[in-house]
Structures are given as structure tokens and as C-alpha cells.
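> Have a look at this one before I ask anything.
The values are calculated or read from the model by the stated rules, or taken from the named source; none is laboratory data. Predicted model only: the values in this text are computed from it and were never measured. Note that we place each Cβ from the backbone using ideal geometry, even for glycine, and neighbour counts take in every protein chain shown.
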Amino acid sequence: METADRAVVLNTAQALKMKQKINVGLIGLGTVGTGTFRILTGNAESIRHRVGVPVEVVKVAVRDPKRDRGLSLPAGVLTTDPMDVVTDPSVDIVVELIGGYEPARSLLLEAIARGKHVVTANKALLAVHGIEIHAAARRAGVDVGFEGSVGGGIPVVKALKEALAANRILSIYGIINGTSNYILSKMTDEDRSFADVLAEAQQAGYAEADPTFDVGGIDTAHKLAILVNLAFGAGVDLKDIYTEGITAISPEDIDFGRDFGYKLKLLAIAKARGGKVEARVHPTMVPDEYPIAKVGGVYNAIQVVGDACGDIMLYGRGAGSLPTGSAVVADIMDISRSILMEPSRRLPAVTERAHLEVQPMDTITSIYYLRFTALDQPGVLSQISGILGRHNISIAQVIQRGRKEGGAVPLVVMTHTALERDIQKALVEVKSLASVREQPVLIRVEGGPE
Ligand code: NDP
Ligand code: HSE
């Protein structure tokens, strides 16, 4: 055996001999924290077997230590000061599951500065401060696990970081907000109201502390920023990601979409465009027969197209206690192995490389679903189609539903592929027609006839 190889074997044996167990400190014991704790304790034996030594929770920070969480916590582990977790010299891995920007950011940076490995499911934090956190970890020689931050229980971070590393990624299409998909699915399949279904998603623990992050598309944009970073090897500014949520979606548009053979989904879309990237989040109509159209409820799906592997679709529960706990515990186990085996030889995350420019939204092309509320009188359709034509927008299909002479009725147009800038200009002109009432509705379509 070569001297260097022998040294690695000896170091590994020494590390395994020295470390009898891995100590974990949890900051936050809510939906994801309890899932993480349940898996670490419920599957302790198989985790010990896979890691090589026991993995134990030795400290847990919460706000309210009296709250019944249905867990039997070891005596003395609870604290209300998260710094107790960060400064505890016995803690090897600090797991941040409180959410938000502060104190989460400072706690993670402090843990890293103290040479501790960290795990987080906090996509909002990573989308904004990810570069800073990863850079600090690299300098300190510690790992940052963030599998739980995108897609709940779906191992998409590891897939992009490691399993698909050989590819140039061409595009990503994702349903990556469980709450929005749950709401849209129930509105589509059960004719339920938006508010009613949102309350149900909150009750199930899927929604963010501030659910406007979910329904406003912001949580999806946070996750898209993380995916773009992993897939395209550079950071993007969150503010450059065009973001539109589902709050303005009406049952009427879901119905019309059905008539055209489409399902309405909140999609995160990223496409490689030369040296730039197209990155956007908005409600999107997708053909019924597409696999992503069949993703219902809290399920998420991420379709990745690589230049070598072609199409890959990852599917699973995108939110919730145990699914997200599964991702968090996998990170803890992975890091435990690298603590024991020293030094990590895994492929690094690509988060610290150059900045990637996002293609301006008005230069993208798409198929568009447009719904106008127009007076039911002769000549209106030709006025609208004339404006669209003058702006280079070609019409694929038109539906007018109902008859109300002199009254306003919905007039729905499905276009061929058009330029966003042309569509926006045309809508301003159509809106100014005396025969058109209300703001026109625009929903982008992926995968229809070009
Ligand atoms: P919860 O609101 O359910 O839990 C938050 C936990 O953090 C609670 O236990 C709370 O204590 C504790 N906490 C909050 N602030 C402090 C503080 N200053 N000091 C000590 N403890 C504190 O959130 P989730 O579990 O839903 O989310 C956690 C993170 O995981 C977020 O970043 C979220 O975006 C992310 N995430 C959530 C998913 C989900 O399905 N819910 C899925 C994927 C990621 P107490 O219980 O006493 O109030
Ligand atoms: N609120 C998020 C969702 C949690 O609904 O998808 C999972 O990241």
C-alpha cells in the first residue's frame, strides 16, 4: 500500500476510534424540527448502523418550552436561548429550523465560526444570504446541508450537486411550493374556495409562517434561486426573478384552461440562454397529458433537462413534518460520515461562483392564455384580434362563453408563441378599448402547440 493511502486508512481508523457519537443541536422544534427529532429517535438504530456511531440530539432551542409537542425529550436538553445550542462545545452539528432571516443568519454564521457543521431548511435565508453562509463555511472547513430547503422530501439538491454533476443543465421546470399546489389542486378537482383550502394547508403545517410567501410565489422564487445556483453554477439576484403568485387566479380561468386541455400550476422555470439564464415564477397552463400536470396536492415535482441525461423528473412530498425531516436527517447523516471519515471528498456545491445574469422578463417568449371581459356586440373580436395582430401576436384559438347582448362576457384567446414585450403592449391597448371591461387576465402556457 502507498504511504498516502495508508495514512488515509489510519486517519479514518483514528477518527472512528476517537468519535463515539455525533451530537446534534436543534434550533426550532416546530413542524420540521419535530419531524427531524422523530426520525432521529424512531430510526436511531438504522441511523447508527449507517453512520457507524449513534447520532443523538443533545440540545434543543424553542421559544416556548411548555408547549406540548407530543415528544419525549431527554431531560435537560431544552433551552429558550438558541446561542446555548451554538456555543455548546459538545454539539457537532447545528440544525437551524426556526426560519426567517434573523436570528437564523447570525446563529448559523456563529456556529460556522466555531467550527460546527450546519444544516438548514431555510430557503428564504439561503436565497438571500446563501453566498455569505457558504463562503464562511468554506473558509471554516465545515459543511452546510440544505437538502430540506427545496422540495421537502425530494432529494433534488443532492441530485443536482452530485448525481447530475456530469451534465450541462439546459432547463428546470418545477412545482416547488406544496401549499400553492395543494390550493390549485383542490380548487381544480373539488371546486373549493381559495381561502378555505389555504386554511387547510396551514393546518397541515405546509405553509410558511407568513403564507403570503407561499401564495405570492416568493417561496417558489427562493427555491428557484437555490436550484439555479446549483444547476447553473452561479448566483442570481432574487429581485431579478420575475415572480407572480396564485392570489389572482379565478375558478373561471381554471375552467377555461380545462376546456383547452390544460391544468393550471404555479411553475418555477429556469432555462439556460447563452451566458444568461431565464428564471421566472408564475401560474402556468400545462397540457393535461404532461407528467407535471398530474402532480397534485402537496406533492412537488422537478423536471431537469441535462445535455447528457436528457429528461429527469423528481417527484414526492414537497412539504410537511416527516418528508422534510427525512431530508434534514439525511444531511445530518451525510455530515456525520464526513466528520468521522475526514476529509470530505464529495463534490462541492457550486454556490460561490460568479454572478449569473437573468434574462429580462420582457424578452422571453411564451404561448399566452388571455381572458378579456368584453361587451357582447359585433366587431369586438375583430378589434381585439386587430390589436394583437399589429403586435405580431398570432391567435391559435378563441372561446367566447355565454351570450349577453349588450352585456360583458368572457372572451378567451390562446396565442401562438409571442414575445412578452409585445403581449404587454397589446394588453395596454386592448384595455383602453371602450368595449373592454376589467383588467385582461394573462396566464403563460408551457408545452402547447407553438
Ligand atoms: P414552525 O413555525 O413550525 O417552527 C419554528 C420553530 O422555531 C418553533 O419550534 C419555534 O419555537 C422555534 N423558534 C422560532 N424562533 C425561535 C427563536 N428565536 N429561538 C428559539 N426557537 C425559535 O416552522 P417550520 O418547522 O414549518 O419551518 C422551519 C423552517 O423549515 C423554515 O425555514 C421553513 O421555511 C422551512 N421548511 C418548512 C417546511 C414545512 O413543510 N413546514 C418544509 C421545508 C422547509 P416554539 O415551538 O416554541 O414556538
Ligand atoms: N411552505 C412550503 C411549501 C414548505 O408549501 O412548499 C416547503 O418548503
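> Of all residues in segment 308-339 being more than 25 Å from Lys294 (Cα to Cα) and among the charged types (D, E, K, R), which is nearest to ligand 2 (Cβ to nearest atom)?
Checked segment 308-339; the qualifying residue nearest to ligand 2 (Cβ to nearest atom) is Asp331.
> Also: What number of residues within segment 113-144 are among the acidic types (Asp, Glu) and either without any contact (Cβ under 8 Å) to a residue 12 or more places away in the chain or closer than 20 Å to Val24 by Cα (or both)? Quick ask: steps written out before the conclusion?
Quick first cut of segment 113-144, residues among the acidic types (Asp, Glu) only: 132, 143.
Remaining after also requiring either without any contact (Cβ under 8 Å) to a residue 12 or more places away in the chain or closer than 20 Å to Val24 by Cα (or both): 143.
Here the count works out to 1.
> Which one of these does Ala163 not meet: (1) closer than 28 Å to Asp311 by Cα; (2) within 13 Å of ligand 2 (Cβ to nearest atom)?
Result: Ala163 fails condition (2) only.
> Looking at segment 188-241 only, could you name the residues that are under 28 Å from Leu29 (Cα atoms) and among the aromatic types (Phe, Trp, Tyr)?
Answer for segment 188-241, where residues must be under 28 Å from Leu29 (Cα atoms) and among the aromatic types (Phe, Trp, Tyr): Tyr206, Phe213.
> Could you please tell me which pairs satisfy a Cβ distance under 6 Å, a separation of 6+ or placement on different chains, a first residue in segment 248-261 that is touching a residue at least 12 places away in the same chain (Cβ under 8 Å), and a second residue that is among the hydroxyl-bearing types (Ser, Thr, Tyr)?
Ile254/Thr188
> Can you name every residue in segment 77-102 that is over 18 Å from Asp331 (Cβ atoms) and either away from ligand 1 (no atom under 12 Å from the Cβ) or within 26 Å of the chain's Cα centre (by Cα) (or both)? Spell out how you get there, then give the answer.
Applying the first criterion (over 18 Å from Asp331 (Cβ atoms)) to segment 77-102 yields 77-84, 87-90, 100-102.
If the condition is that a residue be over 18 Å from Asp331 (Cβ atoms) and either away from ligand 1 (no atom under 12 Å from the Cβ) or within 26 Å of the chain's Cα centre (by Cα) (or both), then Val77, Thr87, Asp88, Pro89, Ser90, Gly100, Tyr101, Glu102 are the ones that fit.
> Output the qualifying pairs, or none if there are none: Cβ atoms under 9 angstrom, residues six or more apart or on different chains, first residue in segment 90-111 and over 18 Å from Ile22 (Cβ atoms), second residue among the acidic types (Asp, Glu) and more than 16 Å from ligand 2 (Cβ to nearest atom).
From residues that are over 18 Å from Ile22 (Cβ atoms), the pairs are Arg105/Glu132; Leu109/Glu132.
> Now for a separate question. Could we say that Gly35 is small (Gly, Ala, Ser), touching a Ser or Thr at 6+ places or on another chain (Cβ under 8 Å) and over 21 Å from Ala137 (Cβ atoms) here? Break it down stepwise before answering.
Details: small (Gly, Ala, Ser): yes; touching a Ser or Thr at 6+ places or on another chain (Cβ under 8 Å): yes; over 21 Å from Ala137 (Cβ atoms): yes.
So Gly35 fits the description; yes.
> Is there any pair linking a residue in segment 316-328 that is farther than 17 Å from Glu96 by Cα and within 8 Å of ligand 1 (Cβ to nearest atom) to one that is of a type in the set (Gly, Ala, Ser) and assigned to a helix (DSSP H, G or I), with Cβ under 9 Å and at least six apart or on different chains, and which?
Note: pairs meeting the criteria are Gly318/Gly178.
> Which numbered condition trips up Ser180, out of (1) over 27 Å from Arg69 (Cα atoms); (2) surrounded by 24 or more Cβ atoms within 10 Å (Cβ to Cβ); (3) away from ligand 1 (no atom under 11 Å from the Cβ)?
Checking Ser180 against (1) over 27 Å from Arg69 (Cα atoms); (2) surrounded by 24 or more Cβ atoms within 10 Å (Cβ to Cβ); (3) away from ligand 1 (no atom under 11 Å from the Cβ), the one that fails is (1).
> Would you pick out the residues in segment 24-42 that are within 18 Å of Ala121 (Cβ to Cβ) and of a type in the set (S, T, N, Q)?
Filtering segment 24-42 down to residues within 18 Å of Ala121 (Cβ to Cβ) leaves 24-40.
Thr31, Thr34, Thr36, listed by residue number.
> If we only count helices (runs of 4 or more DSSP H) wholly inside segment 188-262, which ones have 3 or more residues that are within 16 Å of ligand 1 (Cβ to nearest atom)? Before the answer, list the steps.
On the way: elements: 194-203, 212-215, 218-232, 251-260.
Those helices (runs of 4 or more DSSP H) span 194-203, 212-215, 218-232.
> Still on this structure, please answer the following. Given the criterion assigned to a loop (DSSP other than H, G, I, E, B), at pLDDT 95 or above and under 21 Å from the mean Cα position of the chain (by Cα), identify the matching residue among Ile133, Ile154.
Working: Ile133 fails: assigned to a loop (DSSP other than H, G, I, E, B).
Ile154 is the lone residue from the list that is assigned to a loop (DSSP other than H, G, I, E, B), at pLDDT 95 or above and under 21 Å from the mean Cα position of the chain (by Cα).
> Report yes if Ile292 is in contact (Cβ under 8 Å) with a residue 40 or more places away in the chain, among the hydrophobic types (A, V, I, L, M, F, W, C) and in contact with a Leu (Cβ under 6 Å, 6 or more places away or on another chain), otherwise no. Break it down stepwise before answering.
Numbers: in contact (Cβ under 8 Å) with a residue 40 or more places away in the chain: yes; among the hydrophobic types (A, V, I, L, M, F, W, C): yes; in contact with a Leu (Cβ under 6 Å, 6 or more places away or on another chain): no.
Judged against the criteria, Ile292 is not a match.
> Moving on to the next point. Yes or no: Gly99 at pLDDT 95 or above, small (Gly, Ala, Ser), within 15 Å of ligand 2 (Cβ to nearest atom) and not in a helix (DSSP H, G or I)?
For Gly99, the condition - at pLDDT 95 or above, small (Gly, Ala, Ser), within 15 Å of ligand 2 (Cβ to nearest atom) and not in a helix (DSSP H, G or I) - is met.
The rows are residues; the columns are (1) touching a helix residue (DSSP H, G or I) at 6+ places or on another chain (Cβ under 9 Å); (2) more than 8 Å from ligand 1 (Cβ to nearest atom); (3) under 24 Å from Gly320 (Cβ atoms).
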site	(1), (2), (3)
Ala75	no, yes, no
Ala104	yes, no, yes
Leu126	yes, yes, yes
Ile131	yes, yes, no
Ala140	yes, yes, no
Ser149	yes, no, yes
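> Within segment 50-87, can you find the residues that are basic (Lys, Arg) and outside any helix (DSSP H, G or I)?
Quick first cut of segment 50-87, residues basic (Lys, Arg) only: 50, 59, 63, 66-67, 69.
Hits for segment 50-87 are Lys59, Arg63, Lys66, Arg67, Arg69.
> Among residues belonging to segment 157-177 that are within 16 Å of ligand 1 (Cβ to nearest atom) and under 26 Å from Ile254 (Cα atoms), point out the one that is surrounded by the most Cβ atoms within 10 Å (Cβ to Cβ). Step through it out loud before you land on a result.
Of all residues in segment 157-177, those within 16 Å of ligand 1 (Cβ to nearest atom) come to 157-158, 174-177.
If we keep only those that are under 26 Å from Ile254 (Cα atoms) too, we end up with 174-177.
Working: Gly174: 29, Ile175: 28, Ile176: 31, Asn177: 34.
In this case the residue turns out to be Asn177.
> Name the residue that is surrounded by the most Cβ atoms within 10 Å (Cβ to Cβ), counting only residues in segment 110-131 that are within 27 Å of Ser90 (Cβ to Cβ) and charged (D, E, K, R).
That would be Lys116.
> Report, by residue number, each residue of segment 189-220 that is away from ligand 2 (no atom under 14 Å from the Cβ) and closer than 21 Å to Ala268 by Cα.
Phe194
> Looking at (1) touching a Gly at 6+ places or on another chain (Cβ under 9 Å); (2) farther than 14 Å from Ala231 by Cβ; (3) surrounded by fewer than 22 Cβ atoms within 10 Å (Cβ to Cβ); (4) hydrophobic (A, V, I, L, M, F, W, C), can you tell me which one Ile312 breaks?
That leaves (2) as the condition not met.
> Here's another thing I want to ask about it. Quick one: count up the residues across segment 27-77 that are within 16 Å of ligand 2 (Cβ to nearest atom), crowded, with 18+ Cβ neighbours inside 10 Å and either of a type in the set (Val, Ile, Thr) or farther than 15 Å from Val94 by Cβ (or both). Give the derivation first.
Going residue by residue through segment 27-77, those that are within 16 Å of ligand 2 (Cβ to nearest atom) are 28, 30-36.
From what's left, crowded, with 18+ Cβ neighbours inside 10 Å: 28, 31-36.
From what is left, the residues that are either of a type in the set (Val, Ile, Thr) or farther than 15 Å from Val94 by Cβ (or both) are 31-32, 34-36.
Residues flagged as within 16 Å of ligand 2 (Cβ to nearest atom), crowded, with 18+ Cβ neighbours inside 10 Å and either of a type in the set (Val, Ile, Thr) or farther than 15 Å from Val94 by Cβ (or both) within segment 27-77 amount to 5.
> Consider segment 379-405. How many of its residues are modelled with pLDDT of 95 or more, surrounded by 14 or more Cβ atoms within 10 Å (Cβ to Cβ) and part of a helix (DSSP H, G or I)?
5
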